[in-house]
Amino acid sequence: MNLKALISAALLTMFTMPACTTVNQDVPVAPTAARGERVDLPDGGQLLGGRHFTVLVEGQGRDVVLIPGLSTPRSVWDATRRQLKGRYRLHIIQIRGFGDAPIAERNGPLLEPFIRELTDYVDDEIVDSNNRQKALVIGHSLGGLAAMKMAAVYPQGIEKAMIIDSLPFFGLLFSPDMTVEALQPQAATMRDALIARGSNEADEQTLQRMAQSETGRQQVSAWARSADVATTAQLSYDLMTTDVRPLLPEIKIPITMLYPVDADIMPEPRITLMYKAAFAGARTVMFERVEESRHFIMLDQPEAFAAAVEQFLGSSKR
């Protein structure tokens, strides 16, 4: 297989969240908020509407921001919500198009405008609101890359961040010498093909990379099937053409990098080397691995994931 075909196949496998047509599990319709709207919820929480995302705010205590990944709604954090709600004030992000209606009028990149808006939200609604302490940020996949960029460029509202199975440049999955310029044509081809196809459908092999258990794979599939294809396509392109590595030396806050290990996907020494090499420019990163897990660590190893979150939050300033 030539390089172009190899990269195209790899991109479809790694970035297109699968929607398997044999799965009948659907994502329940959740309340939403229009841009600028604040909706009070029966349980005492509040739903806030932004341009690129909505935020579910609930609980009391230190502010924790939870950012999901590509094609993933906020329900990926449901177990974490139950774990933390009584002790922390949670801000659970949901990108429009991944559980809410997509942005009606959009043209061009989505990732960078999302990060800038999220930075403004943290500054205005957390740090500047009642002189609160800086936020504790946890991001998975795309959410992890967003947390990296915020920590490097917009760190004023963040005390520390946990990054869950993400890379500063996703092109490293294909080659340590990959560049944005080399990857851009393939990223554009994949984006356009997804939009033309009108579906995120992928095969069982792709699902296998997302979660170990059949239940986890069904859940990922259901989330993806409900995601807006055009939003998935554009954010996939944005991810593949974003390289945060030059910014890593600018990060001054503590970073916890949580990554999965599954020998059936990749031997542990190889995956550990990949992550440590990717974050070589980061001076404040601490690595923590979770055994017997794939991309959705919170689904494969919920107890180990919950313990890692507790450890991350437990060392925060009070």
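Each value in this text was obtained by applying a stated rule to the coordinates, not by laboratory testing. Since the structure is predicted, the reported quantities are computational estimates derived from the model, not experimental observations. Backbone-built Cβ (ideal geometry, glycine too); neighbour counts: all protein chains shown.
Among DSSP bridges having both ends in the chain, what percentage is antiparallel? Round to the nearest 5. Mind dumping the intermediate values first?
Numbers: 13 of 40 bridges.
The antiparallel fraction comes to roughly 30 percent.
If eta is 1.567 mPa s and T is 4 °C, what Stokes-Einstein diffusion coefficient results for the stretch 205-318, Kirkwood Rh from Cα pairs, in µm²/s? Don't skip to the answer; put the middle values down first.
Working: Rh = 16.2 Å.
It diffuses with D of about 80 µm²/s by this estimate.
Excluding residues fewer than 8 places away in the same chain, name every one of the aspartates and glutamates whose C-alpha is closer than 20 Å to that of K85.
Within reach: D40, D43, E58, D63, E125, E159, E303, E310.
Suppose we keep just the alpha-carbon trace of the chain; what are its Rg and Dmax in angstrom?
Cα only, the chain: 18.3, 58 Å (Rg, Dmax).
Residue farthest toward the positive end of the dipole of the stretch 181-318, with Cβ of Lys/Arg at +1 and Asp/Glu at -1: which of F279, V229, N200?
The residue sitting farthest along the positive end of the dipole is F279.
Bin all alpha-carbon pair distances of the stretch 29-143 at 10 Å intervals from 0 and give each bin's fraction as a whole percent.
Distribution as computed: 13, 50, 32, 4, 0 percent.
For the stretch 152-213, compute Rg over Rh where Rg is the Cα radius of gyration and Rh is the Kirkwood radius from the inverse mean 1/r over Cα pairs. Spell out each step's value before the answer.
Values: Rg = 16.1 Å, Rh = 15.2 Å.
Checking Rg against Rh, the ratio lands at 1.06.
Dividing the convex hull volume of the alpha carbon atoms of the stretch 134-185 by its residue count, what do you get in Å³ per residue? Spell out each step's value before the answer.
Values: hull volume 4.3 nm³, N = 52.
Residue-normalised Cα hull volume stands at 82 Å³.
How far is it, in nm, from the label point at D177 to the one at D128 when both lie 7 Å from their Cα along the line to the Cβ?
Placing both labels 7 Å beyond Cα along the Cβ direction yields 4.8 nm.
Add -39500 (n - 2.57) for each DSSP H run of 4 or more in the chain, then divide by its residues: what number comes out at 222 nm, to the nearest 500 deg cm²/dmol?
Per the formula, -11500 deg cm²/dmol.
Sticking to Cα atoms, compute the Rg of the stretch 81-220 to one decimal and its Dmax as the biggest Cα-Cα distance, whole number, in Å.
17.6, 49
Roughly what would the spin-label model give for R116 and R82, points 7 Å off Cα along C-beta, in nm?
Simple spin-label model gives 4.0 nm for this pair.
How high is the relative contact order of the chain, in percent, counting Cα pairs under 8 Å that sit 6 or more residues apart? Don't skip to the answer; put the middle values down first.
Working: 595 pairs, mean separation 64.9, N = 318.
The normalised contact order for the chain reaches 20 percent.
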